[in-house]
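Only one structure is covered here, and it is reproduced in the block below.
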Amino acid sequence: MNKKLKLYCSLFVTVLILFMVFNFIHVSFPFSYCTYDNEKLEFMDTPGEFYDVFDTIRHEGGSSGYASVKTYNFDVDVMPKHGGLYGKDMALFSISNNQINKIQMQSVRLTTPSRQASTFFVILSFALSLVSFIVAVYIIVLVFKIVKRIREGEIFASQVSRFLDIAGKLLVGLYLFQFIVSFVYSMYCINHIHLAQYYVVYKNDANIMLILTGLGLMIISQIILMGKDLKEEQDLTI
């Protein structure tokens with residue numbers, strides 16, 4: 001077993017173990033415990049600025065036009081300030097048809113008018129989408145190249161191994177990029193968004209399957225390379 005294969009296998013096992021541990025204990029990390037005296041949750045009539053509709057605008061002279069009222073949605077991970085880990089004095093309950101259930105929200109979707117939305121969210125979402133698109137297109141190109149080599153009977157070819165290794169490293173890189181974006185996004189939300197009765201917390205939202213699949217492809221690339229070397233040794237023996 002070559003050094004790269006040993007390294008890739010060790011990384012794969014380490015990531016798998018960490019994923020199982022963190023998935024089992026559901027870790028979320030609060031970085032801020034700020035609470036305000038006047039904060040509250042309440043039902044209220046929805047203001048017009050929170051509707052995604054076209055409003056008729058009347059101009060002088062009787063002419064009319066249309067203006068779109070846009071909103072921006074984003075998700076944040078949360079932890080209740082009271083109840084659960086912080087005591088049993090306050091909690092949110094659902095009472096319906098003689099059934100009572102305690103509600104513990106872990107993630108919420110927030111909506112804000114576009115004019116109030118920070119350009120930070122737009123830039124971060126665009127960067128993540130752009131990088132994901134570029135990686136996806138490049139991997140598709142590599143897949144076509146691999147399929148072409150295999151159809152030509154070159155299963156144990158160094159180029160096939162190299163293509164798989166590149167694809168794997170791209171997926172690992174995409175996971176790391178998602179991890180960084182998730183951390184930066186959470187830190188920004190924690191410092192700029194205040195929710196009544198809830199803390200905004202950090203939780204890794206990067207897709208774990210990216211790094212597992214990437215490391216798997218990198219392992220397969222080294223196995224193919226070993227198969228190529230064995231095949232060449234057999235050909236020389238014959």
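Key figures
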| read-out | value |
| --- | --- |
| Restraint check, Lys40/Lys102; Lys3/Lys145; Lys6/Lys145; Lys3/Lys228; Lys102/Lys203; Lys4/Lys228, Cα-Cα greater than 20 Å | Lys3/Lys145; Lys6/Lys145; Lys102/Lys203 |
| Loop GluC sites (Glu not before Pro), the stretch 131-237, which have at most 14 other Cβ atoms in a 10 Å radius of their Cβ (DSSP) | Glu152, Glu154 |
| Farthest toward positive dipole pole in the stretch 136-210 [+1 Lys/Arg, -1 Asp/Glu at C-beta], among Val147, Tyr198, Met187 | Val147 |
| Cα pair distances exceeding 15 angstrom across the stretch 144-193, given as percent | 61 percent |
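All of the numbers you see were taken from the coordinates with simple rules; none came from a lab. Predicted, not measured: the structure shown is a model, and the values here were computed from it. Every residue, glycine among them, receives a Cβ derived from its backbone with ideal geometry; neighbour counts consider all protein chains shown.
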